[in-house]
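Note sheet for the following structure.
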Amino acid sequence: DAGVIQSPRHEVTEMGQEVTLRCKPISGHDYLFWYRQTMMRGLELLIYFNNNVPIDDSGMPEDRFSAKMPNASFSTLKIQPSEPRDSAVYFCASSPITGQNQPQHFGDGTRLSIL
Amino acid sequence: SQQGEEDPQALSIQEGENATMNCSYKTSINNLQWYRQNSGRGLVHLILIRSNEREKHSGRLRVTLDTSKKSSSLLITASRAADTASYFCATFRGGKLIFGQGTELSVKP
């Protein structure tokens with residue numbers, strides 16, 4: 001079975017440009033999570049969705065970040081305008097249900113570099 | 001804020017040796033999860049241990065949990081070069097899975 005699919009795997013762009021990261025969760029999974037990983041801050045949850053509805057976006061760093069899930073098989077994380085401090089690896093994860101006993105399934109991430 | 005803190009931050013061993021990684025956490029939990037991350041890849045769930053369990057095994061992995069000390073350990077026996085990765089503990093808090101900073105394990109052939 002296909003796992004969580006993220007694209008692109010790498011993105012290099014200049015400061016001020018719009019960046020769009022994409023994620024296809026595992027079919028049948030009702031929960032989708034966006035994380036950011038940096039050396040300084042580790043793995044941070046940005047936002048998560050249940051049945052395409054955003055549930056908690058308290059981890060979104062600022063208004064330049066937005067996320068959408070127009071249907072059960074697709075989500076985007078957008079940064080506009082991008083800044084060098086946004087450089088990180090962004091992961092998408094999904095799970096069939098959420099809660100304390102549920103493992104999450106991660107994609108291989110998008111490595112984002114803002115010059 | 002980080003719920004779990006792994007120790008050590010980095011560990012280097014020879015193939016065949018055992019590797020032990022520790023995780024400490026701050027608040028009470030219902031369970032604790034361990035994940036592995038290979039270089040350039042996403043996290044992979046390894047094992048979940050519930051608060052009423054003291055020890056759990058999965059292949060060459062052995063996880064212990066001491067809720068009185070708020071700590072857990074992950075033991076990898078007979079390590080292989082393919083075990084080279086970062087290992088993270090994670091606990092559920094406030095509706096979210098919170099990850100520690102991880103232990104970077106290097107297994108030399």
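Here the Karplus relation 6.51 cos²θ - 1.76 cosθ + 1.60, evaluated at θ = phi - 60°, turns the backbone of segment A:51-62 into coupling constants of 6, 6, 9, x, 9, 9, 10, 5, x, 5, x, 6 Hz, with x for every Gly and Pro.
State the Cα centre-to-centre distance between segment A:49-74 and segment B:26-50 in whole Å. When both Cα centres are located, 23 Å separates them.
GNM remark for chain A: springs join alpha carbons under 10 Å apart, and the peak mean-square fluctuation among A:Pro103, A:Pro54, A:Pro25 falls on A:Pro103.
Computed from phi, the 3J(HN,Hα) profile of segment A:15-25 under the Karplus parametrisation 6.51, -1.76, 1.60 (θ = phi - 60°) reads 3, x, 7, 7, 10, 10, 9, 10, 8, 10, x Hz, with x in place of Gly and Pro. Here A:Lys68 is the anchor, and the lysines within straight C-alpha reach of less than 16 Å, apart from those fewer than 8 places off in the same chain, are A:Lys24, A:Lys78. At a probe radius of 1.4 angstrom, the accessible area of chain A per residue rounds to 50 square angstrom.
In the protein assembly as shown, the portion of solvent-accessible area held by carbon and sulfur atoms comes to 47 percent [1.4 Å probe, whole percent, DNA, RNA and ligands not counted].
Rg over Rh of segment A:10-68, using C-alpha atoms and the Kirkwood radius, what does it come to? Here the Rg-to-Rh quotient is 0.98. Of A:Gln80, A:Gln102, A:Gln17, the residue with the greatest mean-square motion in the GNM of chain A, using alpha carbon springs below 10 Å, is A:Gln102. Does segment B:31-109 come out rounded, prolate or oblate, given a ≥ b ≥ c as the square roots of the eigenvalues of its C-alpha gyration tensor, rounded meaning a/c under 1.5 and, failing that, prolate meaning a/b above b/c? Oblate, since a/c reaches 1.5 and b/c is not below a/b. For the segment B:40-47, counting C-beta atoms of other chains within 10 Å of every residue's C-beta and taking the mean gives 6. Could you pull out the longest piece of chain B with no exposed loop trypsin sites (Lys or Arg not before Pro) in it, calling a site exposed if DSSP puts it outside H, G, I, E, B and it has at most 15 other Cβ atoms within 10 Å? Between the exposed loop sites, the longest stretch runs B:81-109.
How charged is the neighbourhood of B:Phe92? Take every other residue with its Cβ under 14 Å from the Cβ of B:Phe92, and add Lys/Arg as +1 and Asp/Glu as -1. Could the numbers behind the result be given before it?
On the way: positive: B:Lys26, B:Arg50, B:Arg93, B:Lys96; negative: A:Asp56.
So the surrounding residues net to +3.
Near the amide H of A:Asp56, within less than 5 Å, lie the amide hydrogens of A:Tyr48, all on another chain or at least 5 residues away, with H placed in the peptide plane. Sparsely packed loop sites in segment B:1-105 (the GluC sites (Glu not before Pro) outside DSSP H, G, I, E and B with at most 15 other Cβ atoms within 10 Å) comprise B:Glu15, B:Glu17, B:Glu53. On association of chains B and A, roughly 1700 Å² of accessible area becomes buried (total for both chains; probe 1.4 Å). When only Cα pairs below 8 angstrom with a gap of at least 6 residues are kept, chain A shows a relative contact order of 37 percent.
The values are calculated or read from the model by the stated rules, or taken from the named source; none is laboratory data. No experiment lies behind these values; they were computed from the predicted model shown. When we count neighbours, we look across all protein chains shown, and the Cβ atoms used for this are built from the backbone with ideal geometry, even at glycine. The protein model used for the area step is the full one, side chains on, heavy atoms only, and it has no ligands, DNA or RNA in it. Shrake-Rupley method; radii C 1.70, N 1.55, O 1.52, S 1.80 Å.
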